[in-house]
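Undergrad: Right, I'll just put the structure down here and ask away after.
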Amino acid sequence: MNTPADTDATSSTAPRASSDKLLFTPGPLTTSMTVKQSMLRDLGSRDEEFVGHVKRIRQRLLALAGVSQAAGYETVLMQGSGTFAIESVVSSVIPASGKLLAVVNGAYGQRIVQMAERHRIPATVIRCAEDQRPSLPAIEAALRADPGISHIAVVHSETTSGIFNPIDVIGRLVRSLGRVLIVDAMSSFGAVPISMAEWGVDFLVSSANKCVEGVPGFGLVIARREPMLASEGSARTLSLDLQAQWRGLEGNGQFRFTPPTHALLAFSRALDELDAEGGIEGRARRYRKNHETLVEGMRALGFDPYVPADCQGHIITTFPFPKDPRFTLEDFYQRLSRRGFVIYPGKLTQVDCFRIGNIGRLFPQDMEALVTAIRTTLGEMGIQR
Ligand SMILES: *Cc1c(COP(=O)(O)O)cnc(C)c1O
């Protein structure tokens, strides 16, 4: 097997050096060796050192979101993958008398609708095509028509396609109409500047293993305190009770149930490495360069991105299949994987696509190596471009 990771010599702060395949996926991601090494500890969940880590992580997350406790914001860490943290918010902050408006242009928006259904939360859905931004007038009309809608949920970087939804304008609209905004910023937080206060985001949800480049194990919620506490008593589950989790973390600094201690150690280290890279702006620069390198290389091979350039984000890129009967995703995927490159199958509703992530400890030369591997693989498969 060709192991591109062995030849990595890119970042001065965080070497990757391992013979694992490179993950061009939206999570789990390729992480730095130093992030992995930081987990070689066993800390007790009530231990002072561990509690200190958790406290600092929560403070640093507020700073990354451009807010503070003094300005009325709180951080809650929640065990599980990113979906658990989203479900924690959806199932905890909408009161029994409330109603959700879900804006959907991909699978992650649809997942929020499923959560509302499962918890029997009344919901209205605004849908649009996966390669289009949601319509602002439609959102405004829905909110004006139904004063019962108390909360709106929207995905920032819809990882299904790679589109960026305009959270800033949606947020200002939602705030001007006096409703509460929940944003799934899973695949954008850490690599796309977000001004929660300015944009009017009340709940922002992400996870340890996306753009911050930690390892999987927990999700994070940055919440405006007022709407979080206003909905106290609305939680529909015990383990995902957002307010109870917050009270635990604020009270004695501990998780209510066994915390992912190793993932939290890795996350502390990952935050250091994010700082060393120049924070969110620095990381955004690398990912943007990854994206540009990929798109340029793929265009030369005859692949055009599925999402129009004006709303394409720099996190993940979707490419429609080549129109050649010899192309099957399974074969393409396996051949690339044997070369050391793991891509991400994508099932959009309208078109057959594959997806390539630009995030994690990946660099422009990795994107070039991937494009070269794709060229060779297509040649082997006898696919004409
Ligand atoms: C990754 C992701 C999630 C959460 O997925 P998990 O598999 O539960 O971590 C949610 N929303 C978006 C937009 C994502 O990219």
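Each value in this text was obtained by applying a stated rule to the coordinates, not by laboratory testing. Just so it is clear, the structure is predicted and the values come from calculations on it, not from any experiment. Virtual Cβ from ideal backbone geometry, glycine too; neighbours counted across all protein chains shown.
Undergrad: Select from T25, T318, T372 the residue whose mean-square fluctuation is largest in a Gaussian network model of the chain (Cα-Cα springs shorter than 10 Å).
TA: For the chain, modelled as a Gaussian network with Cα springs under 10 Å, the answer is T372.
Undergrad: Write down the percent of antiparallel bridges among all DSSP beta bridges whose residues are both part of the chain, to the nearest 5.
TA: Values: 24 of 42 bridges.
Here the antiparallel bridges make up roughly 55 percent for the chain.
Undergrad: What value, in deg cm²/dmol to 500, does the helix sum -39500 (n - 2.57) over DSSP H runs of n ≥ 4 give at 222 nm once divided by the residues of the chain?
TA: So the helix-based figure for the chain works out to -12000 deg cm²/dmol.
Undergrad: With θ set to phi - 60°, apply the Karplus curve 6.51 cos²θ - 1.76 cosθ + 1.60 along segment 22-36 and write out the HN-Hα couplings as whole Hz, x wherever there is a Gly or Pro.
TA: Listing the rounded values in order: 7, 9, 9, 10, x, x, x, 10, 5, 10, 6, 4, 5, 5, 4 Hz.
Undergrad: Another one. Quick check: Cα centre of segment 168-196 to Cα centre of segment 113-132, how many Å?
TA: Measuring centre to centre over Cα atoms gives 17 Å.
Undergrad: Note down the relative contact order for segment 37-274 as a percent, whole number, built from C-alpha pairs under 8 angstrom at least six residues apart.
TA: Values: 475 pairs, mean separation 69.1, N = 238.
Contact order relative to length: 29 percent.
Undergrad: Could you give me the radius of gyration and the Dmax of the chain, taking only the C-alpha atoms into account and expressing both in angstrom?
TA: Final numbers for Rg and Dmax: 20.9, 63 Å.
Undergrad: Spelling out what I want: for every residue of segment 65-80, take phi, set θ = phi - 60°, compute 6.51 cos²θ - 1.76 cosθ + 1.60 (Karplus), and round to whole Hz; glycine and proline get x.
TA: 8, x, 10, 8, 5, 4, 7, x, 10, 9, 10, 10, 9, 10, 4, x
Undergrad: Taking the Cα centre of each part, how many Å lie between segment 206-257 and segment 18-81?
TA: 13
Undergrad: Roughly speaking, what is the stretch gain from D352 to T376, that is 0.36 nm per residue apart minus the C-alpha to C-alpha distance, in nm to one decimal?
TA: Fully extending the segment from D352 to T376 adds 6.5 nm.
Undergrad: Same structure again: Applying a 10 Å radius around every beta-carbon, put 236-245, 354-363 in order of their mean neighbour count, most first. The partial results should precede the final answer.
TA: On the way: 236-245: 18.2, 354-363: 25.2.
Result, highest mean Cβ count within 10 Å first: 354-363, 236-245.
Undergrad: Where Rh denotes the Kirkwood radius from the mean inverse Cα pair distance, what is Rg over Rh for segment 232-382?
TA: For segment 232-382, the value is 1.11.
Undergrad: Another question, if that's okay. Scan around V180 for amide H atoms under 5 Å from its own, H built in the peptide plane at 1.01 Å from N, and keep only partners 5 or more places away or cross-chain.
TA: H151, I152
Undergrad: Let me ask something else. By per-residue mean of other Cβ atoms within 10 Å, what is the highest-first order of 333-345, 95-107?
TA: In descending order of packing, they fall as 95-107, 333-345.
Undergrad: What is the fewest-to-most order of M33, M39 by other Cβ atoms lying within 10 Å of their Cβ?
TA: M33, M39
Undergrad: For segment 305-370, state the average projected area of the convex hull of the C-alpha atoms over all orientations, rounded to one decimal in nm².
TA: On the way: hull surface 20.7 nm².
So the mean shadow area of the Cα hull is 5.2 nm².
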